[in-house]
1. Consider the candidate values (1) 32, 24, 12; (2) 32, 14, 11; (3) 21, 19, 14; state which one is semi-axes √(5λ) of the Cα gyration tensor in Å computed from the structure displayed.
2. Run the simple label-point estimate for residue 32 and residue 104 please: 7 Å along Cα→C-beta, distance reported in nm.
3. If contacts are Cα pairs under 8 angstrom and at least 6 residues apart, what is the relative contact order of the chain in percent?
4. Could you give the nm distance between label points at residue 120 and residue 11, where each point is 7 Å from its Cα heading toward the beta carbon?
5. Ignoring everything except DSSP H segments at least 4 long, calculate the 222 nm mean residue ellipticity for the chain; use -39,500 (n - 2.57) per segment, divide by total residues, nearest 500.
6. Which residue fluctuates the most in the chain, going by a Gaussian network model with Cα springs under 10 Å, if the choices are 112, 95, 64?
7. Would you mind telling me which residue in 126, 101, 58 has the biggest mean-square fluctuation in a Gaussian network model of the chain, where springs connect alpha carbons within a distance under 10 angstrom?
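What follows is calculated from the coordinates using simple rules that are stated; it is not laboratory data. Bear in mind that the values here come from a model prediction, so they are computed numbers and not experimental data. All Cβ positions, glycine included, derive from the backbone under ideal geometry; neighbour counts span all protein chains shown.
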């Protein structure tokens, strides 16, 4: 996977590393602020859906790059990165649950709690994955 001869992975990974934690933060904000929840939840859900796709593309481009480099160069990073789209997908589903349950108090609270947990887990996993990739590129 290349763009003008450059590997796609280093070009797109920055969107994942910056925007996925940002979407996690926005998910937390709408989860804990009822006024924003009613006005902005579907924008957050849409952003999380887009980021799930971007994260999947980042993973696929990373696997392609790893194969072109011999398959063993960034094995640990690849293992962490292969799970990142799952975290992004869970964040998307959790944010959608907020939107779908916002009129039901108990279900809305449960969806908000799950969303906050998903957002924290997604951010932690993004940092771990990004750090392992940086260590591969820039050394330990």
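1. (2)
2. 2.5 nm
3. Numbers: 157 pairs, mean separation 45.9, N = 140.
33 percent.
4. My value for the distance between the label points is 3.8 nm.
5. Working: 4 runs with 121 residues, N = 140.
Mean residue ellipticity, 222 nm, calculated: -31000 deg cm²/dmol.
6. Its mean-square fluctuation being the largest, the pick is 64.
7. 101
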